[in-house]
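No lab work stands behind these numbers, since they all come straight from the coordinates. Nothing here was measured: the structure is a model prediction, and the numbers come from that model. FYI the Cβ positions are ideal-geometry reconstructions off the backbone, even for glycines, and counts take in every protein chain you see.
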Amino acid sequence: MKKHNYTSIPSQCILGEGPYWHAVRKSFFWGDIENGKLFEHNLKTEETKTRSFPHRLAVVLESEDGSLILGLDRKLAKFDLETEELTWLCEVESEFPLHRFNDGKVDPMGRIWIGTLSTLFTEGAGSLYRVDKDLKPEKQLDQLTISNGMAWTEDNKTYYFIDTPTRQIKAFKFDLETGEIEFKRIAIQIPEELGFPDGMCIDREGMLWVAHYGGAGVYRWNPTNGELLEKIDLPVPHVTSCCFGGENLDTLLITTAQENLSDAQLKEFPLSGDVFLVKTTAKGYSPNKTTI
């Protein structure tokens, strides 16, 4: 497997997540869930700006008007980057104060898909929701433990989804018009020694780039035959998510975490919690924007 060069951006996140490419601002965004921090790194100026929220910040998405949609605790909110005004949109699972959002994406029709987990990681406590313009979250899957990475194929016929502890990437039949999903097959079963699948994105060849928590890298998998194609080795154990961005959509931004590492491990892997930029030969897609 070939060696990849990386650039690290210091952010020292307890749990870095939610990477997002904002083409208009030429910036990557990501969050530190536990500290409620939102980072913005401009690729042109190489400056990193931080904003803070009194909430766990798990998901960063974009509205068609250029504002961000943030997953804060169990609520979705619109965040105006100019005025820094926050507008609350909807909430899920208000009866479960220990729950929070974990990962989210926008589908090709502008609907938000976003999952939950219990902060105690209770088995089967999480769910996956679809949120349309009416702002009424509709449950799509339940009995999840750590609702995580997702991606759609270019033909919009397949939706890939990860429930992390299962070590599986599942393929669902996807109906673009209705947004309905139907389980088809297990596309990839991650071997135990490679850690746990976390966030992911898809490239233009239909291959999945998957962050492996406990697997010290991002792995490129073929979801058609389950074959491992390449790995981006990183100097940190807990790799949490990734997204394509940059002018040509051939730069991968990768988030990582410090959580669950001992003091000795943090000394051994001091870049844990930072983000990494890696140029790839593959290209990704511009992220979908929500109509909400």
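Which residue is surrounded by the fewest Cβ atoms within 10 Å (Cβ to Cβ), if the candidates are limited to the stretch 233-282 and must be within 18 Å of LYS37 (Cβ to Cβ) and hydroxyl-bearing (Ser, Thr, Tyr)?
Looking at residues that are within 18 Å of LYS37 (Cβ to Cβ) and hydroxyl-bearing (Ser, Thr, Tyr), I get SER272.
Within the stretch 203-232, can you find the residues that are surrounded by fewer than 15 Cβ atoms within 10 Å (Cβ to Cβ) and in a strand (DSSP E or B)?
If the condition is that a residue be surrounded by fewer than 15 Cβ atoms within 10 Å (Cβ to Cβ) and in a strand (DSSP E or B), then LEU229 is the only one that fits.
Being closer than 24 Å to ASN288 by Cα, more than 18 Å from the chain's Cα centre (by Cα) and surrounded by 15 or more Cβ atoms within 10 Å (Cβ to Cβ) narrows it down to one residue among PHE28, PHE79, PHE39, PHE53; which is it?
Result of the check over PHE28, PHE79, PHE39, PHE53: PHE79.
A quick yes/no check of all residues on (1) in contact (Cβ under 8 Å) with a residue 60 or more places away in the chain; (2) over 16 Å from the mean Cα position of the chain (by Cα); (3) surrounded by 14 or more Cβ atoms within 10 Å (Cβ to Cβ); (4) part of a strand (DSSP E or B):
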site	(1), (2), (3), (4)
MET109	yes, yes, yes, no
ILE114	no, no, yes, yes
LEU120	no, yes, no, no
LEU128	no, no, yes, yes
ASN148	no, no, yes, yes
ASN156	no, yes, yes, no
ILE162	no, no, yes, yes
LYS173	no, yes, no, yes
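Within the stretch 223-235, does at least one residue satisfy the condition of being touching a His at 6+ places or on another chain (Cβ under 7 Å), under 16 Å from LEU15 (Cα atoms) and among the hydrophobic types (A, V, I, L, M, F, W, C)?
Scanning the stretch 223-235, I find no residue that is touching a His at 6+ places or on another chain (Cβ under 7 Å), under 16 Å from LEU15 (Cα atoms) and among the hydrophobic types (A, V, I, L, M, F, W, C), so the answer is no.
Among what's in the stretch 248-292 and is without any contact (Cβ under 8 Å) to a residue 12 or more places away in the chain and assigned to a loop (DSSP other than H, G, I, E, B), pick the residue that is nearest to TRP30 (Cα to Cα).
This residue is PRO270.
Please verify whether GLU64 is within 27 Å of LYS139 (Cα to Cα), surrounded by 18 or more Cβ atoms within 10 Å (Cβ to Cβ) and of a type in the set (Asp, Glu), treating the condition exactly as stated.
In short, no.
Determine which single condition GLU93 fails, assuming it passes every other condition in (1) closer than 30 Å to THR281 by Cβ; (2) outside any strand (DSSP E or B).
For GLU93, the exception is condition (1).
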